[in-house]
């Protein structure tokens, strides 16, 4: 599907198949084989009754309870929906227990022309599955910088990032992932389950990442800057605790079917600096900068 096609033309092949073992969801990946379909593959077939028991969604109840609220707020500010959700809603499931670290650089994608579909989807997943919402739809450029002081990270941001990072290449969706990671198991560093939209990497993207790493890691004595792995751009729709996670590929596929614009190519609107120390409810936005091509009266010379 091209960026200019109507969402109505988005034909999705939903083979609701996922890894299932001992009543826990395991790694499941779907790839956008082309822009017209999603193909889900796995070596495990889930019994239909098990699928229905775990994953049935009451759409009519959702529309009655949440739709009016969301559509009245989203046109004003898409990000505010997710930022305020955690403080306004009682939590029934155990909130995400993982403690994050460091300072992080986020890319915030343009969503106004898609009726704030990213913010709406994150809020919808949070409401329907009773999960803490991610504070802001984003693709992480750098996560968890612990080698730098609060003063230095803000100084580098103000003096170097704002003056040198003026644009970012578009992001093309490449697939969906629902996965579980546990620290110290198979190279894992976090204890969480998550669902994401994956995006394609490119040489142009890597050059931008190099520029950011040159800024924040230029005086480090270790090999962090030189040894960084290739970027894996993705936008997480939800986080959950890894044990008995409610997240599933079936549910995320159903979300994509209802929000087909999530598969659109995205421009990066803002770059932002966050303190991601502690649990997700403790994250703090330190600053946000709009990229040049999204500023009012910008002309591409």
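A compact table of results
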{"read-out": "Counted residues, the stretch 95-116 - those being more than 22 Å from residue 192 (Cβ to Cβ), surrounded by fewer than 17 Cβ atoms within 10 Å (Cβ to Cβ) and in contact (Cβ under 8 Å) with a residue 24 or more places away in the chain", "value": "2"}
{"read-out": "Residue in the stretch 163-182 that is assigned to a loop (DSSP other than H, G, I, E, B), closer than 19 Å to residue 276 by Cβ and at pLDDT below 95 present", "value": "no"}
{"read-out": "Odd one out for residue 232 among (1) part of a loop (DSSP other than H, G, I, E, B); (2) exposed (fewer than 14 other Cβ atoms within 10 Å of the Cβ); (3) over 17 Å from the mean Cα position of the chain (by Cα)", "value": "(3)"}
{"read-out": "Flag if residue 119 is buried (at least 18 other Cβ atoms within 10 Å of the Cβ), at pLDDT 95 or above and not in a strand (DSSP E or B)", "value": "yes"}
{"read-out": "Lone qualifier among 160, 170 - being in contact with a strand residue (DSSP E or B) (Cβ under 9 Å, 6 or more places away or on another chain), crowded, with 16+ Cβ neighbours inside 10 Å and under 23 Å from residue 203 (Cβ atoms)", "value": "170"}
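The values are calculated or read from the model by the stated rules, or taken from the named source; none is laboratory data. Just so you know, these numbers come straight off a predicted model, no measurement behind them. Neighbour counts run over all protein chains shown; Cβ positions are idealised from the backbone, glycine included.
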